[in-house]
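The values are calculated or read from the model by the stated rules, or taken from the named source; none is laboratory data. Bear in mind the structure is a predicted one, so any value in this text is a computation, not a measurement. Backbone-built Cβ (ideal geometry, glycine too); neighbour counts: all protein chains shown.
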Number of protein chains: 2
Amino acid sequence: MNETKTYIQNTADLVHQELDHMSSNWTNIPANLKEAMRYSLLAGGKRIRPVLAIATLESLGGDGKLALPFGCAIEMIHTYSLIHDDLPAMDDDDYRRGKLTNHKVYGEAMAILAGDGLLTEAFGLLAQGAEEAELSVDVALGIIREATRFAGARGMINGQVQDMENENRSITLDELEEVHRRKTGDLITFSVRVGALVAGASKETLDALTTFSYQLGLAFQIQDDILDVVGDQAIIGKPVGSDEHNKKATYPALLGIEESKNRLQTCIQSARDSIQGRADLDPTRLLELADYLLLRDR
Amino acid sequence: MNETKTYIQNTADLVHQELDHMSSNWTNIPANLKEAMRYSLLAGGKRIRPVLAIATLESLGGDGKLALPFGCAIEMIHTYSLIHDDLPAMDDDDYRRGKLTNHKVYGEAMAILAGDGLLTEAFGLLAQGAEEAELSVDVALGIIREATRFAGARGMINGQVQDMENENRSITLDELEEVHRRKTGDLITFSVRVGALVAGASKETLDALTTFSYQLGLAFQIQDDILDVVGDQAIIGKPVGSDEHNKKATYPALLGIEESKNRLQTCIQSARDSIQGRADLDPTRLLELADYLLLRDR
C-alpha cells in the first residue's frame, strides 16, 4: 500500500505542476480572468482522473507521460463543472475544499466566464496531447468526440440536470445510480478510456476498462455515502451525517448500511473481475489503485 | 444584390435546417435540457458566421457543404455565449431577438447548463466535420486548437471580460477596438479561417482572409454604432439612441458621426483590398457578402 500511495502522490504532484506551469504561461488572457481560472484549477483535489488516465496507459505498456496533457484537460473539465455547480443559481456553495468558492472571490460573472474558459481550454489541450502523442486522425478525433459524449449533455451535464430534478422528491435506487453514472461516472470513464485510446487498446480491452471505471465510480460513491454515516469527520472532510441533514438521497438511506456495504463489495468485485485475464493489460496497478482509493476510512 | 441576398438566405436556411435536424436527433439528453439548448439554438439570428465559413470554402474552390458542420459548431459557440451573456450576473437581459432569454424561460441553472452543453457539443461537431471532410490530422487538430484560441480566454471570453471591466469608465478608441476584436471579431475570424483551413489554403491566403475578417468585423461594429444614432428603428431592431441611453462607448461617441463614417470606409476598403489579386481565391462572393451585409441601412 505504501508504494501505491507514493505512486498516486507522485503522479498527482506531476499533474499539479503541469497545470501550474501551463496556466502560468497563458498569455493574452486578462489578468483577473487568468487568476480566477488558476484559483480553482490549482485549489487542490486528489487528481484521481488524471492519475487513472496515466495508470491505464502504463498498464497497457504505454508511456504514462503521453497521457499527461489529456489528464490535465480532464482536470480542467472537472474544475469548470465544480465552479459552475457552486454558483448561487446552482448549489450556492460558499466553500469547496476549505477555500472560498470561485464566485465568492471573483464574483458570479467572472466565475461563469472562468468556467467557460477552462472548458474551452480543455479541448485545445486534448488536441495538443493528440499531436504530442502522434495519434492517428481517427484516434485523435475519437478522443475529442468522446470528451463531448462523456462531459456534455449526454454525460456529466446530463447527471447534473437529473440531480437538480431529483431534489426534494424521493427517488429509486435506479435513479440514484443513473445520476452517479452520469454526474461522476462518465468523466472517470473518459479518463480511463483516454489512457486506453492513446495506448491503442483493442475494442474488447476498451470495453473491459469501461466496465472497470463505471464500477469503480459507483464504488466510490457508495463508499462516500457510507462514510457520511459511519465515518470520521477528520478523514472525510465534512461533518458526519451531512447528507441526511441535507436530505440527500444516498445508498444507506435507500438500502440501509449493511446492504450498502454488500453493494459496495459487489461493485469492487465487478471492477476487479473486469480487467483480469487480458493478454494486453497488466491489471496490477489499477487493482492497487482501486483498493487504495476505496480504503480511505482506514 | 438580389442574387447575394438569395445566396445568404438559402445558406442561412440550410444552416438552420441542419441545426434543427441534428439537435432533434440528440438522444440521452434530459428533455428539458434538450429543449433549453434547442430554444436558443433555433431562435433565429442571421447565421452570418456559418455563411462566411461556407462562402470562404467555396471561394477557394471547395465544396461548401463540407463547411456545414463547422458552421453549425460555430453557431453553437455563438449561441452559448449569448445565453451566458444574458444571465442576471452578466448583462441581465430579459429579451433577445424579441424572445424571452433562455434563463427567463428555463431558469438560471438550466440556462448555465444549456450554455455549457452547447459549448461542449460544438467541439464534438468540429471533430465530426473534420472526419467527414477527411482532413489530415494536422489540419483537424489545428481547427480544434483554433476554436480554443478564438472562442476561449484568449479570444471571445477575453472580449467579454474586457467589456465588463470597461463599464462605467471612459475608454480610448484603442480599448474599444480591442473589445470588438476579441468579443465579436475573433469568432468571425475563426469562421472565415475554418473555411480556408478545410480548403487547404496557403499561409499567405489564410493571412489575407484573416485581415479581411477582422476588418469586416470592425466595419459591422462601426456600422451598428452609426445606425444606433442615425438609423431606422424598424431596420435595426432596437430603439435609436439606445447606446447613448445605456452609456455604451461607441464610435460616434468617441469620434463623432462624420469621422466614424470615414473610419467605416477605411475598414471596408482594407477588407476589400486584402483579398484581391490572389491566384487561389476568387474574392467575388466574399466582396458581395461584405457589401450586402454593410448596406443594412438602405
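The set of residues in region B:163-172 being buried (at least 19 other Cβ atoms within 10 Å of the Cβ) and more than 7 Å from chain A (Cβ to nearest Cβ) consists of B:163 alone. Part of a helix (DSSP H, G or I), at pLDDT 95 or above and under 20 Å from the mean Cα position of the chain (by Cα): does that describe residue B:55? Yes.
Scanning region B:1-39 for residues that are polar (S, T, N, Q) and touching a Leu at 6+ places or on another chain (Cβ under 7 Å) yields a count of 2. Of the numbered criteria (1) part of a loop (DSSP other than H, G, I, E, B); (2) out of contact with any helix residue (DSSP H, G or I) (no Cβ under 7 Å at 6 or more places or on another chain); (3) without any contact (Cβ under 8 Å) to a residue 24 or more places away in the chain, the one residue B:65 fails is (1).
To keep it simple, each residue is scored yes or no on (1) facing chain A (nearest Cβ under 7 Å); (2) buried (at least 24 other Cβ atoms within 10 Å of the Cβ).
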| residue | (1), (2) |
| --- | --- |
| B:106 | no, no |
| B:111 | no, yes |
| B:115 | no, yes |
| B:120 | yes, yes |
| B:131 | yes, no |
| B:139 | no, no |
| B:146 | no, no |
| B:152 | yes, yes |
| B:161 | yes, yes |
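Does residue A:297 count as charged (D, E, K, R), part of a helix (DSSP H, G or I) and at pLDDT below 95? No.
The residues on offer are B:93, B:85, and the sole one that is part of a loop (DSSP other than H, G, I, E, B), of a type outside the set (Gly, Ala, Ser) and within 30 Å of residue A:165 (Cα to Cα) is B:93. Selection within region B:57-87: residues that are acidic (Asp, Glu) and under 27 Å from residue B:283 (Cα atoms). The member of this set that is surrounded by the most Cβ atoms within 10 Å (Cβ to Cβ) is B:75. Quick one: would you say residue B:157 is under 30 Å from residue A:164 (Cβ atoms), within 7 Å of chain A (Cβ to nearest Cβ) and β-branched (Val, Ile, Thr)? Taking the combined requirement at face value, the residue satisfies it.
Is there a residue being on the phi > 0 side of the Ramachandran plot and out of contact with any strand residue (DSSP E or B) (no Cβ under 6 Å at 6 or more places or on another chain) anywhere in region B:75-96? Yes - at least one qualifying residue is present in region B:75-96. Note on region B:184-213: among residues that are in a helix (DSSP H, G or I), in contact (Cβ under 8 Å) with a residue 60 or more places away in the chain and hydroxyl-bearing (Ser, Thr, Tyr), the one that is farthest from residue B:147 (Cα to Cα) is B:205. Looking only at residues in region A:79-104 that are of a type in the set (A, V, I, L, M, F, W, C) and over 16 Å from the mean Cα position of the chain (by Cα), which one is nearest to the other protein chains (Cβ to nearest Cβ)? Here the residue is A:89. Restricting region A:115-135 to residues that are hydrophobic (A, V, I, L, M, F, W, C) and over 19 Å from the mean Cα position of the chain (by Cα), the residue that is nearest to residue A:63 (Cα to Cα) is A:133.
Residues that are under 16 Å from residue A:192 (Cβ atoms), of a type in the set (Asp, Glu) and out of contact with any His (no Cβ under 7 Å at 6 or more places or on another chain) are absent from region A:29-38. Going by what's in this entry, would residue A:33 be described as over 18 Å from the mean Cα position of the chain (by Cα), in a helix (DSSP H, G or I) and not charged (D, E, K, R)? Answer is yes for this residue.
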